[in-house]
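The values are calculated or read from the model by the stated rules, or taken from the named source; none is laboratory data. Since we're looking at a predicted model, the values are computed, not measured. Using ideal geometry, Cβ is built from the backbone for each residue, glycine included, and neighbour counts are taken over all protein chains shown.
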2 protein chains.
Amino acid sequence: MKKYLGIDLGGTNVRVAKINTEGEIEQVVKGPSYGLESADKIINNLFSLIRLIDNLDEVVGIGLGVPGPVDQKKGWMNMASNIPSLGKYPLVHVIEEEFNIPVAMDNDANVACLAEAYFGAGKDKDAVVYVTHSTGIGCGICINRQTISGAHGFAGEIGNIIVNREGDKINHLNRGAIEIEASGTNIVRKAKERIDENIEHAGQVFNLAFKEDNKIALKIIDDMTTDFAIALANVAHVIDPDVFVIGGGVTKSKDYYFEALIDKFKSMVHEGMKETEFQVAQLEEPGLIGAAMLPRSKGE
Amino acid sequence: MKKYLGIDLGGTNVRVAKINTEGEIEQVVKGPSYGLESADKIINNLFSLIRLIDNLDEVVGIGLGVPGPVDQKKGWMNMASNIPSLGKYPLVHVIEEEFNIPVAMDNDANVACLAEAYFGAGKDKDAVVYVTHSTGIGCGICINRQTISGAHGFAGEIGNIIVNREGDKINHLNRGAIEIEASGTNIVRKAKERIDENIEHAGQVFNLAFKEDNKIALKIIDDMTTDFAIALANVAHVIDPDVFVIGGGVTKSKDYYFEALIDKFKSMVHEGMKETEFQVAQLEEPGLIGAAMLPRSKGE
């Protein structure tokens, strides 16, 4: 069975795993990523971790999941706020030179989508859209088990999709962008403003709404499902996926809102699109597994 | 040089063209399509037209552009309001059986996108989004010269993208859908309601705005560019194309609104996406040429 390395490179930690074609993790090594230090320091540390993998010579490809948009032509991150020295640094090329193995790289969300497309909730589906509903809202897209990165690496950056042009303006995102309206952080923000400034987690807002029948909390959740449905309907009118795979912390409360979300989505799409599936993400380690499948998806 | 047949099948007329790998049209035959009659009548008529092509045996593939969403697994139109008897009719299979040549089919907008990606304003670009800005608003998507059809054939049906949830509700489309707000038909509708019920063409509204400084007409066009920019920014946050290729009748007035449209788009996207190109569609016959390139894009 072929073996791949999957690397999950974050701003704080980095993990390197050997993974087989069944998606089984055979070995993991990890350490700090030194994200705020020089590119040399980050790369030499990464090389050292890779060399800790047993029987490295049986590996046929290396894949990296990174926290920023990837320019596939250049093989670098266009921007990397958590690992600034790797912004526009030719990471793919440098790793290929060192290990003489094909290397592929994509952003976290695309990598997670690829993992779900190979082994998880999107298995055997041609068009898979993976959405993270967490502190932020992100998205990865796979068509025929190929990630869609876009011309500048920003494909799937749906957090900035405008769902309510009269909505809130908070940070660099668009006024009324879906992330501003419906992410976990912003469910909490709205609940702090409108109910109690001591609220800290989206789960508390769900409890207030559905266990204590708090009308303001119910309205916040109802607005969230409307906003989220508009965003997913907009995505569906571009990609028309077989399945939306939804991951991230907010899905812990899925029993409270998934049905409403799906009903609203169906009311906003063409007849033939109403059978679009909604699934919760299934994999424990989509970041490592998806990264490892990147070179495989490119024929290695 | 390889030769392909491109077929432009509409509700009223059908055209069949022999086209080479340079995108040159070598021969065209045409006739009524009998769109409202039986599938047998439509198909036998189509077969007769195909047989009028000289040296048919040199053709290596047949491509069809059709006015409806195409299920690629089934090789049929999921719905076909202009040619009802071909809804869920296995058109690809039937033509392949008759001529023993590979056949591919996609909707009008995807086919036009493919033509522009091979020979027009999207030439040499990896990710091309083609938008028709006409009586309606449609869209085709090509990545690496492959059309994106979606799970149910509805990829690129961006006319139903919600840009203004408080906007107008007219037909089966969503309230405030981009087609309802910004298509040529709806520029005219708004001008009839607000200026003069005798207005008949979008061009008249542009003239009122920019030659006669009519404030209401200026507002209608300004709203249109805002709505259109929101829709294209939403699409860009999903696909992140190299280039938007814009075709359709409204682009005749491009000198009056393209600059404003692009400026607004840039204000709504991430920094790295601001270099996204905007081009006007270049080809005279994107329907025929793109249809012919469908089998080529699949390796024929």
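Consider B:Thr147 carefully, then state whether it is modelled with pLDDT under 95 and within 18 Å of the chain's Cα centre (by Cα).
The answer is no for B:Thr147.
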Listed by first then second residue, the pairs whose first member lies in segment A:43-56 and is over 11 Å from A:Val29 (Cβ atoms), whose partner is of a type in the set (Asp, Glu), with beta carbons under 9 Å and at least 6 positions apart or on separate chains, are A:Ile43/A:Glu98; A:Asn45/A:Glu37; A:Phe47/A:Glu98
Scanning segment A:76-95 for residues that are touching an Asp or Glu at 6+ places or on another chain (Cβ under 9 Å) and among the small types (Gly, Ala, Ser) gives A:Ser85
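Determine whether A:Ile187 is more than 8 Å from chain B (Cβ to nearest Cβ), more than 18 Å from the chain's Cα centre (by Cα) and either within 28 Å of B:Ile143 (Cβ to Cβ) or crowded, with 22+ Cβ neighbours inside 10 Å (or both).
So A:Ile187 passes the test.
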Of the residues in segment B:233-252, those that are at the interface with chain A (Cβ under 10 Å from one of its Cβ atoms) and surrounded by fewer than 23 Cβ atoms within 10 Å (Cβ to Cβ) come to B:Asp242, B:Val243
Considering segment B:264-290, residues that are assigned to a strand (DSSP E or B) and more than 30 Å from B:Val28 (Cβ to Cβ), and then whichever is nearest to the other protein chains (Cβ to nearest Cβ), we arrive at B:Glu277
The number of residues in segment A:174-208 that are farther than 22 Å from A:Lys254 by Cβ and in contact with a strand residue (DSSP E or B) (Cβ under 9 Å, 6 or more places away or on another chain) is 4
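Check whether at least one residue in segment B:214-233 is closer than 30 Å to B:Tyr4 by Cα and touching a residue at least 60 places away in the same chain (Cβ under 8 Å), and report yes or no.
Checked segment B:214-233: no residue is closer than 30 Å to B:Tyr4 by Cα and touching a residue at least 60 places away in the same chain (Cβ under 8 Å).
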* Asked: Within segment A:124-136, is there a residue that is within 11 Å of chain B (Cβ to nearest Cβ), surrounded by 24 or more Cβ atoms within 10 Å (Cβ to Cβ), within 12 Å of the chain's Cα centre (by Cα) and at pLDDT 95 or above?
  -> yes
In segment B:169-187, anything without any contact (Cβ under 8 Å) to a residue 24 or more places away in the chain and within 18 Å of A:His270 (Cα to Cα) is listed as B:Lys169, B:Ile170, B:Asn171, B:His172, B:Leu173, B:Asn174, B:Arg175, B:Gly176, B:Ala177, B:Ile180
Counting only residues in segment B:96-108 that are surrounded by 21 or more Cβ atoms within 10 Å (Cβ to Cβ) and under 20 Å from B:Ile25 (Cβ atoms), the one farthest from the other protein chains (Cβ to nearest Cβ) is identified as B:Val103
Selection over segment A:149-173 where residues are farther than 24 Å from A:Lys254 by Cβ, within 11 Å of another protein chain (Cβ to nearest Cβ) and either basic (Lys, Arg) or crowded, with 24+ Cβ neighbours inside 10 Å (or both) yields a count of 9
- For segment A:193-207, does any single residue satisfy the condition of being of a type outside the set (Phe, Trp, Tyr) and in contact with a Lys or Arg (Cβ under 7 Å, 6 or more places away or on another chain)? yes
Inset, instruction - State whether one or more residues within segment A:54-63 are among the charged types (D, E, K, R), more than 12 Å from every other protein chain (Cβ to nearest Cβ) and touching a strand residue (DSSP E or B) at 6+ places or on another chain (Cβ under 8 Å). - result: yes
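Matching residues to (1) within 14 Å of chain A (Cβ to nearest Cβ); (2) modelled with pLDDT of 95 or more; (3) not in a helix (DSSP H, G or I):
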position: B:Ala209; (1), (2), (3): no, yes, no
position: B:Glu212; (1), (2), (3): no, yes, yes
position: B:Phe228; (1), (2), (3): yes, yes, no
position: B:Ala231; (1), (2), (3): yes, yes, no
position: B:Asp255; (1), (2), (3): no, yes, no
Of the residues in segment A:144-180, those that are of a type in the set (A, V, I, L, M) and assigned to a strand (DSSP E or B) come to A:Ile162, A:Ala177
Of the candidates A:Glu300, A:Glu197, the one satisfying the condition of being surrounded by fewer than 17 Cβ atoms within 10 Å (Cβ to Cβ) and either of a type in the set (D, E, K, R) or closer than 30 Å to A:Glu96 by Cα (or both) is A:Glu197
Restricting segment B:57-80 to residues that are free of Cβ contacts under 8 Å to residues at least 40 places away in the same chain and of a type outside the set (A, V, I, L, M, F, W, C), the one surrounded by the fewest Cβ atoms within 10 Å (Cβ to Cβ) turns out to be B:Asp57
Checked against (1) more than 14 Å from chain B (Cβ to nearest Cβ); (2) assigned to a loop (DSSP other than H, G, I, E, B); (3) buried (at least 24 other Cβ atoms within 10 Å of the Cβ), A:Val111 satisfies every condition except (2)
ask   = Would a scan of segment A:277-291 turn up a residue that is modelled with pLDDT under 95 and over 18 Å from the mean Cα position of the chain (by Cα)?
value = no
